[in-house]
Amino acid sequence: MSLSLLPRGRRAAALAAAALAATLLGAVAPLHAAEEPRPDEEPRVASAGAISAAEQRIFMAPHLQGLKPGTVLRYAFTRGGSLEPGYAGALELQLRPGADGRCCDASAAFPEAQGPRPMPTIEGASANPVILYFLEHDLREMQRLTRGQANHFRRRIRLALAEDARSEDIRVRYQGRELAAQRLQVSPYLEDPMRNRFEQYAAKRYEFVLADVPGGVAQLRTLLPGQQPGTPPMLEETLTLDGAEVGAAIAKP
């Protein structure tokens, strides 16, 4: 997997403790690295700065804390909108014992229109990998729909989470209970210097709903509004926690 949306630069010490780092950071250069951009990408930002609260909550919080090896987190995925035919599917995040026998090594297959797409196993996961799986799916879709570069969209999402995330307290329902939750939102392409190339997608919004539920993630959502006020969305994707089952995952030999 090429996805790398975790914060970088002088944040390396904090990220060393993030269990996703070993798998997801190796193949992609740092966000603020001094490298030449591709012709269809904007210049790199030069400074790193501190880890934002949004980055901390999304990529580094111990979402899986307290879960036991053998737990399966079940999510429902839906894709709709006027842009293309929609579909629905299920994602099961399998949590198996890590090398030390504790939780968790995580794996899943992401529901795609052509069928489930296996995702890489994340060893020693602490933050919930379903966030990165969802974003990896989104990057593939943005590249397919726009013929742009996934690295460009990846960088816009990371910059938005670092610099322009909006947070609000909301209530969500999970298995018949109403719970307090936090919704983090970003619109990565509104201020994109290259938005004229992807104008149709400039208003796309990303939402991360975090709550005290198994795995910490109640819902992930992207929304591309309709072109006129009051019209249905052009594209909407949601990944919603359905439930957790303890003891369903097969233990690693």
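Report the full-extension gain for the segment residue 52 to residue 231: residue separation times 0.36 nm, less the Cα-Cα distance, to one decimal in nm.
Fully extending the segment from residue 52 to residue 231 adds 61.0 nm.
Quick one: Cα centre-to-centre distance for region 180-223 and region 111-161, in angstrom?
Result: 13 Å between the Cα centres.
Exactly which chymotrypsin sites (Phe, Trp or Tyr not before Pro) in region 176-227 are in a DSSP loop and have at most 15 other Cβ atoms within 10 Å?
When the chymotrypsin sites (Phe, Trp or Tyr not before Pro) of region 176-227 are filtered for loop state and at most 15 Cβ neighbours within 10 Å, nothing remains.
At a Förster radius of 25 Å, what calculated FRET efficiency corresponds to the Cβ-Cβ distance of residue 170 and residue 147, to the nearest 0.05?
0.10
Compute the distance in nm between two label points, each set 7 Å from the Cα along the Cα-to-Cβ direction, one at residue 246 and one at residue 121.
2.4 nm
Counting only the backbone N, which residues of region 85-128 are under 16 Å from the spot 7 Å out from the Cα of residue 78 toward its beta-carbon?
It comes to 85-91, nothing else.
Take the Cα radius of gyration of region 60-164 and divide it by 2.2 N^0.38 Å, with N its residue count; two decimals is plenty.
1.20
Would you mind ranking 164, 192 by Cβ crowding within 10 Å, fewest neighbours first?
With the fewest neighbours first, 164, 192 line up as 164, 192.
Just so you know, all these numbers are worked out from the coordinates, no wet-lab data involved. Just so it is clear, the structure is predicted and the values come from calculations on it, not from any experiment. Using ideal geometry, Cβ is built from the backbone for each residue, glycine included, and neighbour counts are taken over all protein chains shown.
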